[in-house]
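This report refers to the structure that appears directly beneath it.
The values are calculated or read from the model by the stated rules, or taken from the named source; none is laboratory data. Just so you know, these numbers come straight off a predicted model, no measurement behind them. No Cβ is skipped: glycine too gets one built from the backbone with ideal geometry, and neighbour counts run over all protein chains shown. Heavy atoms of the whole protein, side chains included, go into the accessibility calculation; ligands, DNA and RNA do not. Shrake-Rupley method; radii C 1.70, N 1.55, O 1.52, S 1.80 Å.
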Amino acid sequence: MSDDERVPGFLEDDRVKSQLVLKTGTSIILKKRVAPITSDNCRELLLFGLQSPSPLLQLSSTVEQLQSPVVQKMAEILEMMDSSYYPAIKTLIGSVVDALQEAKDIDLYLQPLHAQLTPLEKEGFPNLEKFTPVLFHTLFLIWTNCQSYQRPARIVVLLQELCNLFIEQASTYLSADLLLREDPEESLSMLEDLFEIMLDFQRMEKLEFGGLNGKIYSENAAQMYKEFSNHCQVLKHSENSPYDLSSQDFENEHKDLKVRIVDFECRLASLICLAFKDCSGLESGFKLLTIVGPFLERRQIRQIFSPNYLILQQLFREELERCKCHFKSKLNKMESGLGKNMAHTSGALKWAKMLRTRIQTSWEQIRLLFDMPAGGGELAKEYHMYMEMLSLLDKYEEDIYSDWRNGLEEACLMNLNQHLISRNASSDLISLNFNPKLTEVLKDVKYIQTLCEITIPAAAMAVFEKRDMFTKYVSSLQLLVQWYNKLKQTVLEVELPLVRAELESIDVQLTRAESELAWKDPDCWSFISTTKDLAHNLVGRVSRAKENCEAIQSMMKGWSKQAMFCRKDNKKGSLVQLEDRGDRVNRKYSSMKKDGDSIHKLVQDNKVHFHADPESEAWQSYLEHVDEMVVEGLFSYISHSLQFFANNMESWPSPTPLFESQLMLSSSGMVFLPSLEQDAGDGLYELIEGLVGDIFKTSVNINRIAAHHSTESYQDLMDDMLDLLDLRQEIMERVENVLKEAINDQRNFLLYGRVLTAEEMEAHGADGLPESPPTIDNFKEQIDYYEDLYADISKLEDFKVFNGWFRVDIKFFKVSLLNTVKKWSWLFKEHLLTYVTNSLDELQKFVRATVEGLGQPVAKGNHRGLVEVMSHLLAVRDRQAATDKMFEPFRDTVILLEQYGVIIPHQVHSQLEELPEKWSGAKKLALKVRHEVAPMHAE
């Protein structure tokens, strides 16, 4: 039988029960002994963890005892008995194990701190500054990484002990006599004074002055602040410390800074005085004092600036005098002093309040500046003037209010009994009959309500309480009056029959407002809303119909902005653009058709707006009115397009060609494209006539608005308009005239223009000419002839304009002729250049061959070598005369070619410089060789 199986039997035995009680008592005693070790506030573990491992050893021993077989067996028995001590013993074992783990963690992280504290305790307080950063960085790492010390209770204990260590070392280092030798309050006062000075003068960094010299003053202030900052930096980085009790260096630096501060204060006070003198008046002076106010609190600056207070008093007195004069001038003029948007009474009160605020603001500012109570001795005169001005304003406000109250009730009752609307008998227009005095009452009451000290009469309050109702009445009636008068003034005679019935019904409603209804009647709003809706509906429909008519007119004005045909790229010097004639015409016809459909749609919309009967005479008349508008639009467009041709066909002093015909050279002679013949079929006359026809056909694309007329399209009307017919006939007559003139000019050119015939050439050369090579002058003469001929032809105009609007293009003819002339001129130039180049190349090769041939030694008996040398000598002798004379003509030829702009190769220039010398050397060599081979030749 096992121990576990025997346990129940044992429990029944009294002896076993007595042992169990003993074990329970043992567990209680064990818990009491372990509790102090596992406590969270165990200061012993925290304080001695750095010095001795006794807490850690004690915990380790306790864990070993709790994990022994006896204790484990006791825990099992307690668990089987379901004893109330089992949870306690289980918690105890767990707490001891956790405490052991925590003790190991604390011991691990406190070891680096122990390494930092050991040298600090040895070296003492003088080296505290060296160890403090590292020490506190170690504390930071412990607090960051060690979970046990992340609780405030734990880290506070550690910091307390560390502070106690610092206090103990300081007490050991400093004796009692040394501590009592210096006055700590004096040092503290000195530091406080430094901080106060720095804070006061720190404001100079952002000190800005205005006015004409404001920039100069601001720069001076910035320079002073820079100097002050430099002195502060020197003091800040000084090696002298106020804590050094054995030295007076810091006190000396403090005194030196105080002396410099006095100089800064004097300079700053002078700068403030200069800025104050530049102030234009009292207001600008107060602004300056507001800016520099903190500096004036310093005694030295305030003492220097104090004479300016008298000037400030004088400015304040002048301000009071100006306000008084202004007040008296307003009393004489009896004006409110404000804009027209305020009523008389409220405007006067508002003006008085503004003047009062102006005076009181200045008084409060100057009183605070002098730091004196009202009526003080230094401001007695100013205070008397100030109170006098306030009394005048009080009396003025009382008079204004009294005048306003008189007759107020009668005016309100009389105005409320008036009718809503009045009508002008001559113009038949209506106007709002709301008395302006009633409007002023509402404005006055609204403003006076903001002045709590003024009582408003009951009659005025009664009107004001109904202000929302009156505002609604007035705004609605104003719209009604505006719409009705607009309708009466803008309705056309042709539109009036379409709206007469509705307009008469509105007049019936308005008659009540003119003769029966008054502003005090309770059923006014019913009438106003009903009549307003009627007028709004009618005016809205008529306005939309008019907008449709305006859209039609705007659409037709767009037609006349550009003619159907125009110059290319709309440039003045360009010809008429005909390359895209077909596309242009089709686009225009399509656009006109689209616009015509839009016009018909707008007309149908107007029929709905007017509630018109399509068969009524009034609607037929309206269609005829719109039809006339379309006729005018088409006439304007066609006239504008035709006038473009007419204006550009005028014979002005400097006209710009519009059409052109090109003169071409062909096998059959000169021809024009397009032809100038009127019956050619594809000539210029048919072209222009077709363009004019395209313009007239535009009107076919719009259907008639007045369909009840017999004429179905607008083109018949356009064809019958005399103005357009006259313009068309004028254009075609100008075309006929210009064609006749161009044909006559061509005929004259063919009759009197001639070239040299073969017979004339034979007659000039009958006697024959002796053969002689041409000289350079002969070449120059021929080249000049062709160059002059080229220049003359170039001067010919590219176009021949007839009657200012028809142009003949002779560019192609001119270019062909110029190319031919240029070819002849270049033929001579090319011949000279080729001749010079080839001659110099041939001479260069001859000289090179001669020098090489004559340079070969000839031995006696070498008959072949002698023959070769003699052949070179004979060649030099044969061309010596011609070669000696050729260089100068070649140079003249090069100069002549360069004058005509011919580019001479660089090789030619080099040859002209080098070949004369080489040729001379070749001749000398030939003479020398001739003497040398003469004996051989004799043999």
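Descriptive notes on the structure:
- Partners for residue 472 among lysines (Cα-Cα distance below 16 Å; same-chain residues under 8 apart left out): 443, 520, 532
- With a Förster radius of 25 Å applied to the beta-carbon distance between residue 787 and residue 812, the computed FRET efficiency rounds to 0.65.
- Modelled this way, with points 7 Å down the Cα-to-C-beta line, the labels at residue 511 and residue 579 are 7.4 nm from one another.
- A straight chain from residue 121 to residue 431 at 0.36 nm per residue would run longer than the Cα-Cα distance by 101.1 nm.
- Pairwise Cα inverse-distance average, inverted: Kirkwood Rh of the range 509-615 (Å): 18.6
- For residue 575, distant residues with modelled amide H under 5 Å away: 568
- Stretched out straight at 0.36 nm per residue, the stretch from residue 871 to residue 167 would grow longer than its current Cα-Cα span by 240.4 nm.
- Residue-wise HN-Hα couplings along the range 558-567, as the Karplus relation 6.51 cos²θ - 1.76 cosθ + 1.60 with θ = phi - 60° gives them from phi, are x, 4, 7, 5, 9, 5, 4, 10, 8, 6 Hz; Gly and Pro carry x.
- Backbone phi angles across the range 139-150, fed through the Karplus curve with coefficients 6.51, -1.76 and 1.60 (θ = phi - 60°), yield HN-Hα couplings of 4, 5, 5, 5, 5, 7, 9, 8, 5, 5, 9, 7 Hz in residue order; Gly and Pro are listed as x.
- Residue 697-residue 423 FRET efficiency (beta carbon distance; Förster radius 35 Å; 0.05 resolution): 0.05
- The amide H of residue 662, built 1.01 Å from its N in the peptide plane, has 673, 809 as neighbours under 5 Å, considering only residues 5 or more places off or on other chains.
- Cβ-Cβ FRET estimate between residue 317 and residue 198, R0 fixed at 35 Å, reported to 0.05: 0.30
- Accessible area in the full protein assembly, largest first, 1.4 Å probe, for 384, 640: 384, 640
- Taking a Cβ cut-off of under 10 Å around residue 356, the surrounding Lys, Arg, Asp and Glu residues balance to a net charge of 0, with basic ones at +1 and acidic ones at -1.
- Pairs exceeding a 21 Å alpha-carbon distance, out of 885/928; 206/255; 885/918; 740/800; 845/924; 571/740: 885/928; 206/255; 571/740.
- In terms of packing, defined here as the mean over residues of other Cβ atoms within 10 angstrom, the peptides 117-128, 829-840 line up highest first as 829-840, 117-128.
- Take residue 278: with every protein chain present and a 1.4 Å probe, its accessible area is about 80 Å².
- Between residue 560 and residue 262, the contour length at 0.36 nm per residue exceeds the alpha carbon distance by 98.7 nm.
- Spatially proximal lysines relative to residue 122 (Cα-Cα < 29 Å; intrachain offsets below 8 disregarded): 104, 130
- Distant-in-sequence amide H partners of residue 429 (H built 1.01 Å from N, under 5 Å): 424
- Summarising the label geometry, the points placed 7 Å from Cα in the beta-carbon direction at residue 105 and residue 388 lie 8.8 nm from one another.
- Measuring only protein heavy atoms, the 1.4 Å probe finds residue 621 accessible over about 50 Å².
- Residue-by-residue Karplus 3J(HN,Hα) for the range 717-734, coefficients 6.51, -1.76, 1.60, Hz, glycine and proline x: 5, 5, 5, 9, 6, 5, 5, 5, 5, 4, 5, 5, 5, 4, 5, 5, 5, 5
- Ranking 392, 162 by solvent-accessible area of protein heavy atoms (1.4 Å probe, all protein chains present), from largest to smallest, gives 392, 162.
- Highest mean first, the peptides 581-590, 260-269, 557-566 sorted by other C-beta atoms within 10 Å per residue fall in the order 260-269, 557-566, 581-590.
- Taking only the alpha carbons of the range 544-695, we obtain Rg and Dmax values of 21.4, 76 Å in that order.
- For residue 381, the lysines whose Cα falls under 26 Å of its own Cα, not counting residues fewer than eight places away in the same chain, are 277, 287, 324, 328, 330, 353, 395.
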